[in-house]
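J.: If you scroll down you'll find the structure; I have some questions about it.
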Amino acid sequence: MLSKIEGIVLKTRPYGEANKIVILMTEEAGKIAVMARGAKKPSSRLAGVSQPFTHGHFLVQKGKGMGTLQQGEAISSMRHIQQDILITAYASYIVEIVDRLVENDQPQPGVYHMLLQALQAIEEAYDPQAIALFVQWKMLPFTGVQPTLSHCAGCSAVDGEFAFSFSQGGFLCHRCFHLDPYIIRLTPKQLKLIRMFYFTPIDQIGKLDLKKDTKRFIENIVSTIYEEQSGMRFKSKAFITQLERTPLMMKQSPETDEN
């Protein structure tokens, strides 16, 4: 049976001398694997459309086992993403998070649209580090962790000074600081940003100009949740850390003022 589906190429891996197995994230079918025969050959009509990050329409022959990619038409090849190594690394990080956390053949239209919005934002030259933060926070529930961010995890208060508590699983107000001796105090700006990353759809946010230290602070919190509470570490995140420590990248990362 032939099916036309819209999807995003998460990753590929070689299969034999000329073929690729292509992992697609789709709205209707969820994450699926398809065989792209001959796609490793530069002359193949499947070579271009089977590149990572490609958003397109795909014609898939379904049968027993893995489907076969018959043809594809790119809606966007996300060329801007692939022109800069650091931007590519952040896009790869986003894709790896989705790939690791979404089960095969389980429709997740919300995740599909979030991924598409994230890649489109990076393609349109939005800050890739900020976009990655959106994805990190929004995908947390798929790890089994649902942090309490709308109110105090201790007393449910919504006012006062707040801090983040790993042991209490979210925000604590100043009345409940005694519950955790290792709280991370938050400024009102940091509190607002974390809530925005977790609750607000990516396409409802304009371009963010955030200081590198602010992004690093918030990223350290969410990365600790992934690593310590979910046991998840990402290869692409390690690569980003390595890249950002190179002298050339450090020179290209000026501080920007927060709005």
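A short reminder: the numbers here are calculations on the coordinates, not readings from a lab. Bear in mind the structure is a predicted one, so any value in this text is a computation, not a measurement. Glycine gets a Cβ as well: all are built from the backbone with ideal geometry, and neighbour counts include every protein chain shown.
J.: State the answer as a single residue: which of Pro109, Ile221, Ser92 lies farthest towards the positive end of the charge dipole of the chain, with beta carbon charges of +1 for Lys and Arg and -1 for Asp and Glu, about the Cα centre.
T.: Projecting each Cα onto the dipole axis, the largest value belongs to Ser92.
J.: Within the chain, what's the longest run with no GluC sites (Glu not before Pro) in a DSSP loop and at most 12 other beta-carbon atoms within 10 Å? Give the range, please.
T.: Numbers: sites that count: Glu17, Glu28, Glu103, Glu124, Glu255, Glu258.
Result, exposed sites excluded: 125-254.
J.: Determine the dipole magnitude for the chain: charges of +1 sit on the beta-carbon of Lys and Arg, -1 on that of Asp and Glu, nothing else is charged, the reference point is the Cα centre, and the result goes in debye to the nearest 20. Could you put the intermediate results ahead of the total?
T.: Working: 29 positive and 26 negative charges, 167 e Å.
Dipole of the chain, to the nearest 20 debye: 800 debye.
J.: Using only the alpha carbons of region 2-76, what is the convex hull's orientation-averaged projected area in square nanometres?
T.: Working: hull surface 17.5 nm².
Dividing the Cα hull surface by four gives the mean projection, 4.4 nm².
J.: Of the options Gln70, Ala18, Gln82, report the single residue whose Cα projects farthest towards the positive end of the charge dipole of region 4-101 (beta-carbon charges: Lys, Arg +1; Asp, Glu -1).
T.: Ala18
J.: For the chain, take N as its residue count and report Rg(C-alpha) divided by 2.2 N^0.38 Å.
T.: Numbers: Rg = 20.2 Å, N = 259, 2.2 N^0.38 = 18.2 Å.
Taking N as the residue count of the chain, the ratio is 1.11.
J.: Next up: Of the peptides 140-151, 52-63, how do they stack up when ordered by the mean number of other Cβ atoms within 10 Å, highest first? Display every interim value, and only then the final one.
T.: Values: 140-151: 15.3, 52-63: 18.5.
Listed from highest to lowest mean packing, they are 52-63, 140-151.
J.: Once you have the Kirkwood Rh of region 40-131 from its Cα pairs, apply Stokes-Einstein at 37 °C and 0.692 mPa s and quote D in µm²/s. Could the numbers behind the result be given before it?
T.: Numbers: Rh = 14.5 Å.
For the chosen part, D equals 226 µm²/s.
J.: Taking just the alpha carbons, could you work out the radius of gyration and Dmax for region 101-199, both in angstroms?
T.: Cα radius of gyration and Dmax of region 101-199 are 15.6, 45 Å respectively.
J.: Turning to a different aspect of this structure: Sorted from fewest to most neighbouring beta carbons within 10 Å, what does the list Ile94, Ile81 look like? The partial results should precede the final answer.
T.: Values: Ile94 25, Ile81 21.
Lowest count first: Ile81, Ile94.
J.: Give me the angle, in degrees from 0 to 90, between the Cα long axis of helix 128-138 and the longest principal axis of the Cα atoms of the chain, rounded to the nearest 10.
T.: 80 degrees
J.: Follow-up question, since we're still on this one. If one computes the Cα centroid of region 1-49 and of region 131-191, what distance in Å separates the two points?
T.: With region 1-49 and region 131-191 each reduced to a Cα centre, they are spaced 40 Å.
J.: Moving on. Determine the distance separating the Cα centre of region 202-233 from the Cα centre of region 62-105; give it in Å without decimals.
T.: For region 202-233 versus region 62-105, the Cα centre distance is 22 Å.
J.: Can I ask one more? Taking only Cα atoms, what is the 0 to 90° angle, nearest 10, from helix 235-244's long axis to the longest principal axis of the chain?
T.: The helix 235-244 is inclined about 70 degrees to the chain.
J.: For region 1-148, what does the relative contact order come out to in percent, with C-alpha contacts under 8 Å and a separation of six or more? Intermediate values should be presented prior to the final figure.
T.: On the way: 280 pairs, mean separation 32.9, N = 148.
Contact order relative to length: 22 percent.
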